[in-house]
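Okay, so here's the structure we're looking at.
The values are calculated or read from the model by the stated rules, or taken from the named source; none is laboratory data. From a predicted model like this one, the values you see are computed outputs, not experimental measurements. As a convention, Cβ positions derive from the backbone with ideal geometry for all residues, glycine included, and neighbour counts pool all protein chains shown.
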Amino acid sequence: MSESTEVNQYNGMATLTPKPRDGFVETESVKSVTKRALSYLKAGYSVHFRGPAGTGKTTLALHTASLLGRPAVMITGDEEMITSNLVGSQHGYNYRKVVDRYIHSVTRLEETTDPRWADHRLTTACRNGHTLIYDEFTRSRPEANNVLLGVLEEKLLVLPAQNQQESYIKVHPDFRAIFTSNPQEYAGIHDSQDALGDRIVTIDIDHADHDLEVNVAAARSGIDKDKAAQIVGLVREFRETEEYDQAPSLRTSITICKVVAQEMLNPSIGDDAFVQICLDILGSKSAFTGRMGSKYLQQQKLLTSLIEHHCPSSPVTTSAKRSAPEGKVPEMKKIESVPQRRQI
Ligand SMILES: Nc1ncnc2c1ncn2[C@@H]1O[C@H](COP(=O)(O)OP(=O)(O)OP(=O)(O)O)[C@@H](O)[C@H]1O
Ligand SMILES: [Mg+2]
């Protein structure tokens with residue numbers, strides 16, 4: 001979550017005031033996505049950022065919410081989510097006891113208990129026109145999310161019978177929802193319901209482009225852009241090989257850059273500590289059964305070769321940089337054998 005996002009209390013419920021974070025990088029591609037998202041939101045639709053892990057979906061959702069300028073509430077989907085977690089539930093009782101001694105010789109005692117209803121985040125957002133950020137909504141089971149169909153289409157939130165005071169509420173005209181999901185997670189996700197997908201505008205978010213990845217990695221780690229560009233080049237080329245179980249993401253580039261900054265390492269094949277953290281972080285994207293097995297050794301060889309190529313002992317020369325198109329590096333030596341992608 002954005003470090004500059006403020007948490008406030010609104011009628012007893014914590015709300016967020018999302019603000020653009022320090023170090024938020026706004027390249028042309030980010031501006032284009034947020035501009036499109038805002039135009040859908042302003043037209044009255046809800047939006048959905050969908051893409052692989054670590055591509056910046058949650059950051060974009062918070063950023064877009066900050067541009068809407070309304071208080072926001074945030075929920076993260078999970079398998080245990082049930083409708084009452086979204087809407088609200090009975091929460092204890094209001095107990096009332098009246099002792100009437102109007103006539104001193106007679107005592108009248110009256111006790112009543114009324115179920116007490118507590119709004120949860122969706123209800124608070126619908127009532128007050130807040131922005132709902134529903135992160136990873138496809139991790140929740142579709143039946144938990146069904147309540148959103150009426151909210152998005154009929155602008156009505158139907159409350160369960162437990163709420164004896166109200167059976168539904170009219171959704172505030174400023175209410176908007178911003179969803180995120182990752183369709184590639186192997187476990188624990190549900191297909192996004194067609195009915196729900198039909199009511200929201202989905203924007204596909206792919207891995208960051210070269211410019212964004214270098215700028216984010218430099219901004220989030222504090223290392224200079226040239227060093228960040230070498231590390232990002234390495235991560236991006238490894239991503240292209242598809243020799244892993246889980247794609248190395250923008251987050252992977254940030255992680256390596258942060259450790260380099262913290263340990264004051266040199267991104268160079270000559271720096272053993274740097275090579276080791278690259279092998280650890282990039283190597284962890286595959287799960288091998290034996291650490292000394294041939295596939296594991298082949299992957300270490302592939303990674304070492306990529307490190308050598310992108311982070312040579314001597315700094316990358318300007319002419320080598322110039323001869324490569326943006327985001328690409330000159331063709332590297334062919335590796336005789338690369339590990340096969342492990343099927344899981
Ligand atoms: N435009 C940006 N400016 C600065 N940092 C960014 C930007 N986009 C993404 N990041 C950073 O990249 C990392 C990954 O972003 P984020 O957590 O939003 O990705 P995600 O797609 O939601 O990942 P996941 O699928 O794992 O939830 C975070 O550390 C985030 O701060
Ligand atoms: Mg996320």
Members of region 49-76 found to be in contact (Cβ under 8 Å) with a residue 24 or more places away in the chain and assigned to a loop (DSSP other than H, G, I, E, B), listed by number: 51, 52, 53, 54, 55, 56, 70, 71
query: Applying the selection to region 186-205, what residues are of a type outside the set (D, E, K, R), more than 16 Å from ligand 2 (Cβ to nearest atom) and at pLDDT 75 or above?
result: 195, 196, 197, 200, 201
- request: Looking at (1) more than 16 Å from ligand 2 (Cβ to nearest atom); (2) crowded, with 18+ Cβ neighbours inside 10 Å; (3) not aromatic (Phe, Trp, Tyr); (4) not in a helix (DSSP H, G or I), find the lone condition where residue 208 falls short.
  value: (1)
statement: If we keep only residues of region 30-57 that are surrounded by fewer than 14 Cβ atoms within 10 Å (Cβ to Cβ) and within 15 Å of ligand 1 (Cβ to nearest atom), then the residue nearest to residue 204 (Cα to Cα) is 32
Members of region 234-260 found to be buried (at least 18 other Cβ atoms within 10 Å of the Cβ) and touching a Gly at 6+ places or on another chain (Cβ under 6 Å), listed by number: 249, 250
- request: Filter region 191-205 down to the residues that are over 20 Å from residue 34 (Cα atoms) and assigned to a helix (DSSP H, G or I), then identify the one that is nearest to ligand 1 (Cβ to nearest atom).
  value: 196
query: Within region 76-89, which residues are buried (at least 20 other Cβ atoms within 10 Å of the Cβ) and either within 14 Å of residue 176 (Cβ to Cβ) or within 13 Å of ligand 2 (Cβ to nearest atom) (or both)?
result: 77
